[in-house]
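Everything below concerns the one structure shown next.
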Amino acid sequence: MDFSYPKAEKLKSKRIIDLLFSEGKSVGKYPLRLVYVAHDFEEDVPLKVGVSVSKKYFKKAVDRNFFKRILRECYRLNKAQLIASLDKKYCFMFFYQTSDKLSYQEIDEKTKQLFEKFARAISEEKKSI
């Protein structure tokens, strides 16, 4: 099992990020939200991930960066669960949407629940097609 978060998995393309916000679907598990879209990109990775923490909730960059590091770490450790449920390539943004300062354990648990909810959402999409 690979627990890395290589550069190829990082969502950097402005075009894809704009696509996420215009056409993406969303699932949430308080305080996290995942906006995703199926997209075929050149790199040989199953998904691309971006993380975001709003300035609205955390005014200081040091606080935003702390929670972004936690989100990336939760993704890195739980991505195997996510990749197992994928049948095509996805791009998604991972948001922390509260001013509450949850512990790492709480965020990790919410991340696992969010990934399960995402897996259910894409399996329901396959059934409806």
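The values are calculated or read from the model by the stated rules, or taken from the named source; none is laboratory data. Nothing here was measured: the structure is a model prediction, and the numbers come from that model. Backbone-built Cβ (ideal geometry, glycine too); neighbour counts: all protein chains shown. Note: areas computed on protein heavy atoms with side chains; ligands, DNA, RNA excluded. Shrake-Rupley method; radii C 1.70, N 1.55, O 1.52, S 1.80 Å.
So what's the convex hull volume per residue for the Cα atoms of region 4-57, in Å³?
Value for region 4-57: 117 Å³ per residue.
In the neighborhood of Glu124, defined by Cβ-to-Cβ distances under 12 Å, what is the net charge if each Lys or Arg adds +1 and each Asp or Glu adds -1? The partial results should precede the final answer.
Values: positive: Lys25, Lys117, Arg120, Lys126, Lys127; negative: Glu125.
Result for the local shell: +4.
Given the C-alpha atoms of the chain, compute the convex hull and give its volume per residue in Å³.
On the way: hull volume 14.3 nm³, N = 129.
Cα convex hull per residue, to the nearest whole number: 111 Å³.
Can you compute the modelled spin-label distance between Ser54 and Gln113, with each label point 7 Å from Cα toward Cβ, in nm?
Rounded to a tenth, the inter-label distance reads 1.9 nm.
Once you place label points 7 Å from the Cα toward the Cβ at Lys89 and Asn65, how far apart are they in nm?
3.1
Sort Lys68, Lys25 by heavy-atom solvent-accessible area, probe 1.4 angstrom, most to least. Could the numbers behind the result be given before it?
Working: Lys68 55, Lys25 105 Å².
Reading off the accessible areas and sorting them downward yields Lys25, Lys68.
Determine which aspartates and glutamates satisfy two conditions relative to Lys48: a Cα distance under 12 Å, and not lying fewer than 8 residues away in the same chain.
Qualifying aspartates and glutamates at Cα under 12 Å: Glu9, Asp40.
Among the listed pairs Lys25/Lys79; Lys7/Lys59; Lys60/Lys101; Lys60/Lys112; Lys68/Lys112; Lys25/Lys88, which have their C-alpha atoms separated by more than 21 angstrom in this model?
Lys7/Lys59; Lys60/Lys112, as the Cα separations exceed 21 Å there.
Around Tyr30, with a cut-off of 15 angstrom between Cβ atoms, what is the net charge of the other residues, counting Lys and Arg +1 and Asp and Glu -1?
On the way: positive: Lys29, Arg33, Lys101, Lys110, Lys112, Lys117; negative: Asp100, Glu106, Asp108, Glu109, Glu116.
Once positives and negatives cancel, what remains is +1.
Based on the mean of other beta carbon atoms within 10 Å per residue, what is the order of 43-49, 90-96, most packed first?
90-96, 43-49
Quantify, in whole percent, the carbon and sulfur part of the accessible surface of the chain (1.4 Å probe; protein heavy atoms only).
That fraction is 51 percent.
For Asp100 and Tyr5 in the same chain, what is the full-extension length gain: residue separation times 0.36 nm, less their Cα-Cα distance, in nm?
31.6 nm
Taking amide H positions as placed 1.01 Å from N in the peptide plane, with prolines and chain starts having none, which residues 5 or more places from Gly50, or on another chain, fall under 5 Å of its amide H?
Long-range HN contacts for Gly50: Leu11, Phe92, Met93, Phe94.
Determine the dipole magnitude for the chain: charges of +1 sit on the beta-carbon of Lys and Arg, -1 on that of Asp and Glu, nothing else is charged, the reference point is the Cα centre, and the result goes in debye to the nearest 20.
580
For region 49-114, state what percent of all Cα-Cα pairs lands in each successive 5 Å bin, counting from 0 Å until the bin that includes the largest distance.
Answer for region 49-114: a P(r) of 4, 16, 29, 24, 14, 8, 4, 1 percent.
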